[in-house]
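A quick write-up on the structure given underneath.
Each value in this text was obtained by applying a stated rule to the coordinates, not by laboratory testing. All values reported here derive from a predicted model rather than from experimental measurement. Here the Cβ is made from the backbone with ideal geometry for all residues, glycine too, and neighbour counts use every protein chain on show.
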Amino acid sequence: MPLSTAALSIATWNINSVRLRIDLVARFLGERRPDVLCLQETKCRDAEFPLSAFHKLGYPHVEISGQKGYHGVAIASRLPLFDVGKRSFCDKEDCRHLAASLLPVGAARPLRLHNFYVPAGGDEPDPLINPKFAHKLAFLDEMAAWMKESAVAAEDAMLVGDLNVAPLEQDVWSHKALLRVVSHTPIEVEKFGVMQEAGPWVDAMRRFVPEHEKLYTWWSYRAREWEASDRGRRLDHVLVSDSLAPRLRGVSVEKGARSWDRPSDHAPVIVTLDV
């Protein structure tokens, strides 16, 4: 399929082990054919990443940042990637960020793409007794400081990934029930907001789904009838610079992928931009 000269599609997906779910990745890419796919929680070292599978699927340009068994991010593209970089946060080398630029066909200037996997934060929302939660809060603080200092969103830029925060009341199945649950606590929501303003970033998904409507990208493995109960959260995000906001064409949550055999607990999200 030729690359579109009118639009660019970028997908983000926490795959929860790219080697374990490479067949699901292949199915998704075959059915949806985004120009770019950003993955989180790849959970493998760079040497073990299934590069050949992506090449066979028509994605010859792949950048990876991985480690054994944990975390890891990757960008697979039908377009060439350049100015590839990564940044460590909180003095940890845990492969949670990967950036690259691409020049869409017909575009006047490059698009800078940032792929993030923010720490989940554990179960107890108290940084004094839970180091994982303390790490998450510090990570969000450092993201905000870096974005403001470096003017990350001053260019045509997009930030995607599993940010592990559901910031709005309608981003969770029950605002009241989840106020003390990691991912929707007031302190996480506050720090997410500071990070978003540091861009400033535009919430691409909420440009198409009003804030008063429910919007989820994640459903727990613990729920046997996850689709019927629909107790989801929006943990995956697409944020764009002010310069890209007028070019947003659409966003879709590919919820059907959550029903595939041995799925990730996250659904892919696809954003489409006018070029």
- Query: Among the helices of the chain (complete DSSP H runs), which have Cα atoms covering no less than 20 Å along the helix axis and a Kyte-Doolittle mean of at least -0.5?
  - Reply: 131-150
- Assertion target for Cys38, Cys90, Cys95, Cys44, ordered by fewest C-beta neighbours within 10 angstrom first, is Cys90, Cys44, Cys95, Cys38
- Selected from Gly161, Gly121, Gly106 as most flexible by GNM, with the chain as the system and alpha-carbon contacts under 10 Å: Gly106
- Query: Tally Lys/Arg at +1 and Asp/Glu at -1 over every other residue whose Cβ is under 13 Å from the Cβ of Ala223; what's the total?
  - Reply: +1
- Message: For a quick check, take a GNM of the chain with Cα springs below 10 Å and name the residue from Ala228, Ala257, Ala134 with the largest mean-square fluctuation.
- Response: Ala228
- Query: Among 208-221, 16-29, what's the highest-first ranking by average C-beta atoms within 10 angstrom per residue?
  - Reply: 16-29, 208-221
- Gap in Å between the Cα centre of the range 203-243 and the Cα centre of the range 115-157? 19
- Item | Point-charge dipole on Cβ atoms (K/R +1, D/E -1) for the range 163-223, about Cα centre, debye to 20 | 240
